[in-house]
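Remarks on the structure that follows.
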Amino acid sequence: MSLRTGLAQINTTVGDFAGNIDKIRQMYARAKQEKVELLVFPELSICGYPPEDLLLKKHFLAENKKAVQQLAKDCPDITIMAGFAEAADGVCFNALAILGGGKITKVYHKTLLPNYGVFDEKRYFNSGGEPAVIKIKDISVICTICEDIWEIQWLKKFLSGIPGKNLIINISASPFHAGKIKQRIAVLEDCARTLGCPIAYCNAVGGQDELVFDGRSMFVDSTGKLIAKAAAFEEDLLIADIEADGQIKAESTPTKTDYTEEIYQALVLGTRDYIKKNGFNKALIGLSGGIDSALTAAIAVDALGKENVIGVTMPTRFNAAETISDAEKVAKNLGIEFHNIPIEPVLKNFNQELGKVAGWNEKGLAYENLQARIRGTILMSMSNQFGYLVMTTGNKSETAVGYSTLYGDTAGGFSAIKDVPKTVVYQLSEYVNKLHGREIIPQSVITRIPTAELRFGQKDSDSLPEYDILDGILKAYIEEEKSLPEIVKQGFDAETVLKVIGMVDRNEYKRRLCPPGVKITPKAFGRDRRMPITNLYRQQIPRQNN
């Protein structure tokens with residue numbers, strides 16, 4: 001006798017109880033048609049994940065319970081498991097509600113609470129202490145939530161007193177970063193083999209601020225074999241028949257997603273959800289003729305549709321005719337609305353007025369940055385007038401070392417490629433053209449030497465190492481937390497490493513004032529990396545002993 005189980009990965013919004021419950025009802029209707037007997041939804045799917053300090057509000061927790069009770073009444077014909085935040089005994093739990101027959105039949109409280117990286121669960125939740133098991137058609141179903149299965153030996157001990165383990169359910173809200181799916185699959189396969197029973201893993205999907213959840217819910221049989229995997233970066237209902245002996249029958253087969261493809265899908269989904277969930281319909285982008293703004297525009301079009309993206313180029317005498325032409329070409333290739341607003345007259349007036357201040361001149365960095373700030377003012381004025389969201393176009397390499405202008409190219413509401421290293425920007429740009437089967441981003445943009453064009457003959461390499469070197473140092477320092485000597489041992493020049501990490505350390509204040517962006521690496525700026533702004537800790541090149 002098999003148990004027909006459905007994993008319903010849905011795109012929830014934090015705090016939208018009515019909208020989230022409606023999505024669950026829709027999946028419930030589909031599941032009934034498919035004769036599903038156990039329907040599973042992701043972690044905190046009732047209230048959205050992560051709700052952060054909303055969990056400190058008693059009325060928010062009360063709304064959680066009310067929504068779960070309503071869901072139980074609305075969907076009485078299938079056993080449902082769904083995540084919610086429960087207030088009990090004066091504290092808060094990350095909980096899994098089991099619903100059936102129009103009521104809440106049991107609640108499981110998450111026991112292992114992650115408190116690293118982007119997770120702050122110990123700030124909000126208390127740990128549970130008891131396993132939760134239910135029987136459906138003589139199959140013992142064990143409830144777990146996300147982190148509970150990542151510590152396999154702990155879980156084995158936690159469940160040691162439970163006889164006849166036939167199925168482990170794991171509801172999750174596991175954020176995406178490139179390559180993480182391999183880590184998840186390895187954990188699930190190891191867990192299934194160690195405990196000798198199949199696992200049904202239901203993950204969230206959608207964008208929430210800088211986090212993206214990629215879905216890819218899975219069934220793994222008792223031998224540790226991946227049997228079926230749901231769609232990546234979109235809502236899906238994955239169904240399988242689970243036997244008491246651990247065998248799983250499913251029509252879906254696992255599919256692979258290319259590294260560059262999954263990053264691009266994450267950027268598109270994160271951009272779409274951030275803009276739409278925050279009440280915007282259109283995005284405004286400053287098109288410089290460079291690769292970063294071209295890629296950002298392509299992401300925006302794939303996220304929102306070409307009719308909802310506006311490009312603006314704002315040249316001065318420092319902009320080459322080729323870059324102005326390429327900005328227009330990108331807009332034409334994408335089919336978006338495009339405006340050319342030269343800022344040379346505005347720059348002249350600003351410079352003339354600032355010239356009344358002793359010491360001002362047009363030969364330094366301040367004059368270069370003035371151009372970026374004029375552009376930022378124009379974009380934010382258009383945003384104010386028309387209700388567009390301005391997307392900034394800085395990549396992770398620039399963000400890391402502060403190669404940007406506050407209130408200039410950092411002005412805006414969202415940064416799609418904020419966590420994308422410059423070397424990956426090139427890979428994604430080639431992918432965009434491959435994806436669309438034609439040249440969206442011109443080859444002249446891809447092959448041009450990077451430049452901010454704030455003075456004649458300027459190149460990024462005047463201020464920074466070549467990007468392949470820079471990105472290697474940044475990955476070691478930021479994502480791998482390596483020290484200066486350790487990075488030098490990887491083959492990088494010591495003086496170059498010292499310069500780069502010094503720039504990273506000095507520009508924390510600037511990053512704090514930048515808009516949020518999609519996380520695609522193991523450690524992104526923002527929730528992932530929390531460094532003090534006021535910080536005098538500096539590393540030095542070790543002296544060689546004679």
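The values are calculated or read from the model by the stated rules, or taken from the named source; none is laboratory data. These numbers come from a predicted model, not from an experiment. So basically every Cβ, Gly included, is an ideal-geometry build from the backbone, and we count neighbours across all protein chains shown.
Do any helices (runs of 4 or more DSSP H) lying entirely in region 297-409 carry at least 1 residues that are of a type in the set (S, T, Y), and which ones are they?
Counting at least 1 such residues, we get 321-334, 365-386, 396-401.
Tally time: how many residues in region 305-330 are more than 14 Å from L284 (Cβ to Cβ), surrounded by fewer than 14 Cβ atoms within 10 Å (Cβ to Cβ) and within 27 Å of the chain's Cα centre (by Cα)?
Here the count works out to 0.
Return yes or no: is L267 in a helix (DSSP H, G or I), under 29 Å from K459 (Cα atoms) and touching a helix residue (DSSP H, G or I) at 6+ places or on another chain (Cβ under 8 Å)?
Spelling it out, L267 is indeed in a helix (DSSP H, G or I), under 29 Å from K459 (Cα atoms) and touching a helix residue (DSSP H, G or I) at 6+ places or on another chain (Cβ under 8 Å).
So if I check each of A97, A67, which one is in a helix (DSSP H, G or I) and either modelled with pLDDT of 95 or more or not assigned by TED's automatic domain parsing to the domain that holds G196 (or both)?
A67
I'm trying to understand the selection: among the residues of region 45-64, which are of a type in the set (A, V, I, L, M) and either assigned to a loop (DSSP other than H, G, I, E, B) or farther than 27 Å from P175 by Cβ (or both)?
Residues satisfying the conditions are I46, A62.
Going residue by residue through region 68-82, is there one that turns out to be over 26 Å from the mean Cα position of the chain (by Cα), within 15 Å of D236 (Cα to Cα), crowded, with 24+ Cβ neighbours inside 10 Å and hydrophobic (A, V, I, L, M, F, W, C)?
So far as region 68-82 goes, no, none of its residues is over 26 Å from the mean Cα position of the chain (by Cα), within 15 Å of D236 (Cα to Cα), crowded, with 24+ Cβ neighbours inside 10 Å and hydrophobic (A, V, I, L, M, F, W, C).
Can you name the residue in region 12-44 that is assigned to a loop (DSSP other than H, G, I, E, B) and in contact with a Phe, Trp or Tyr (Cβ under 8 Å, 6 or more places away or on another chain) and is also surrounded by the most Cβ atoms within 10 Å (Cβ to Cβ) among such residues?
Ranking the candidates gives P42 first.
Checking the conditions here, which among I487, I469 is over 24 Å from Q371 (Cβ atoms) and buried (at least 20 other Cβ atoms within 10 Å of the Cβ)?
Testing whether each residue is over 24 Å from Q371 (Cβ atoms) and buried (at least 20 other Cβ atoms within 10 Å of the Cβ) leaves just I487.
Restricting attention to region 107-130, does a residue exist that is within 19 Å of N166 (Cβ to Cβ), of a type outside the set (S, T, Y) and touching a residue at least 24 places away in the same chain (Cβ under 8 Å)?
No - not one qualifying residue is present in region 107-130.
Can you work out which of the residues in region 362-387 that are within 30 Å of the chain's Cα centre (by Cα) and free of Cβ contacts under 8 Å to residues at least 12 places away in the same chain is nearest to F318 (Cα to Cα)?
Only one residue tops the list, namely S381.
In region 194-210, how many residues are buried (at least 24 other Cβ atoms within 10 Å of the Cβ) and in a strand (DSSP E or B)?
8
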